[in-house]
Amino acid sequence: MAEETMSASPPDKPVYRFAPSPNGFLHLGHALSALLNHDMAAANGGRFLLRIEDIDLTRCTPRFEQAIYRDLAWLGLEWEEPVRRQSEHFDAYHAGLGRLTEMGLVYPAFLTRGEVKARVAAFEADGKNWPRDPDGSPLYPDDDRHRGETERRKLIANGVRHAFRLDMQKALGLIAAPLNWSETGDGERGEIRAEPSVWGDVILSRSDAPSSYHLSVTLDDAAQGITHVVRGLDLFEATAVHRLLQELLGLTPPVYHHHRLIMGKDGRKLSKSEGSTGLAALRDQGLSIGDIRRLVGL
């Protein structure tokens, strides 16, 4: 597939998207997000797109993808064709990674999860706290960022598995003005200050996947001309990384709307592993579309 352009012409109407991953069955939380995107597009005379985020080829399956189509159709949603599937756009992610690499902002990262975990445990054994990102994961150590090119090439030539990470400090050094995003959701509203530094050197590409969520979602939204990103509050903080990537790649930022989450009985956000809240299971129980809307507060 030919390389895509990094940005699209400004759309003549609002463009919304629902972008699930086919690694499990949709649940009530997905229903809320899909319905909100569809309803907001209709209310604003906009377009509603469906994107299948199947970049994780080990966990995403055709079975779950077909279930997504069935569940959304049952909810009464209609979307434009063709559906964008991430697995068909690896060249676009490679091109985006290449641009950031040419800017000197990307480095190969060789530490395994086990090695990082051991490093953090040893550091915290003395009562100190290793810095963590907003999701609670330890920030990646700086070993690989400081490796020399000769050593990096040797490790790669020897077949050592590696990811590619963004040098956050260098990236922020290229940004002249403060980063913000426009927010209309259920939490903070207005112009939100983006602080991508709290995420450390985020992954842009893995050894087992051609792109990370951060890079692929940023490029996908630009390629599809998305003007309004409507998604859960669990991704609110991640928006800072997406704004940084947009700025580095010269992409137009959308308006963001982070909506409330649907919680399970344990008080935690729903998971695809919770079959009792799966849309297929609820449909089999005889619930109607109106019942689903009521359950998600619409």
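Things worth noting here:
- Distance between the pseudo-spin-label points of Asp208 and Glu80 (7 Å out from Cα toward the beta carbon): 3.5 nm.
- Distant alpha-carbon pairs in the chain (separation over 32 angstrom), percent: 30
- Summarising the amide proton neighbourhood of Ser205: residues at separation of 5 or more, or on other chains, whose placed amide H is nearer than 5 Å comprise Phe164, Ser212.
- By definition, a body whose alpha carbon gyration tensor gives a ≥ b ≥ c is oblate when a/c is 1.5 or more and a/b is not larger than b/c, and segment 54-100 fits this oblate description.
- Computed magnitude of the charge dipole of segment 1-120 (debye, nearest 20; Cβ of K, R +1, Cβ of D, E -1): 460
- Of all DSSP bridge pairs formed entirely within the chain, close to 50 percent run antiparallel.
- Overall form of segment 164-298 per C-alpha gyration tensor (a/c, 1.5; a/b vs b/c): prolate
- Loop-located GluC sites (Glu not before Pro) in segment 67-160 whose Cβ has at most 12 other Cβ within 10 Å (DSSP): Glu78
- Using the Karplus relation 6.51 cos²θ - 1.76 cosθ + 1.60 with θ = phi - 60°, the per-residue 3J(HN,Hα) values for segment 74-83 come to 5, 6, x, 8, 10, 9, 6, 10, x, 6 Hz, with x marking Gly and Pro.
- Taking amide hydrogens as placed 1.01 Å from N in the peptide plane, the amide H of Lys269 sits under 5 Å from those of Gly264, each at least 5 positions away in sequence or on another chain.
- Overall form of segment 124-220 per C-alpha gyration tensor (a/c, 1.5; a/b vs b/c): prolate
- Scanning residues 5 or more positions from Gly278 or on other chains, none has an amide H under 5 Å from its amide H, with H placed 1.01 Å from N in the peptide plane.
- Computed E for Lys117/Asp291 - FRET, C-beta separation, R0 45 angstrom, nearest 0.05: 0.55
- Cβ-placed point charges (K, R +1; D, E -1), dipole of the chain about Cα centre in debye, nearest 20: 460
- Of the residues Asn129, Trp79, Gly104, the one whose Cα sits farthest towards the positive end of the charge dipole of segment 73-145 is Asn129 (charges of +1 on Lys and Arg Cβ, -1 on Asp and Glu Cβ, taken about the Cα centre).
- Euclidean distance between Cα centres, segment 31-50 to segment 183-239, Å: 19
- Assuming charge only on the beta carbon of Lys and Arg (+1) and of Asp and Glu (-1), the dipole of segment 176-298 about its Cα centre is about 420 debye to the nearest 20.
- The chain: most fluctuating residue of Ser197, Ser33, Ser205 per GNM, C-alpha cutoff 10 Å: Ser197
- Residue by residue, segment 211-216 carries 3J(HN,Hα) couplings of 7, 9, 4, 4, 6, 5 Hz when phi is fed to the Karplus relation 6.51 cos²θ - 1.76 cosθ + 1.60 (θ = phi - 60°); x denotes Gly or Pro.
- Loop-resident sites, segment 159-201, for GluC sites (Glu not before Pro), counting at most 15 other Cβ within 10 Å (DSSP): Glu188
Readers should treat all values here as calculations from the given coordinates under stated rules, not as data from a laboratory. All figures in this text were calculated on a predicted structure; none of them were measured in a lab. So basically every Cβ, Gly included, is an ideal-geometry build from the backbone, and we count neighbours across all protein chains shown.
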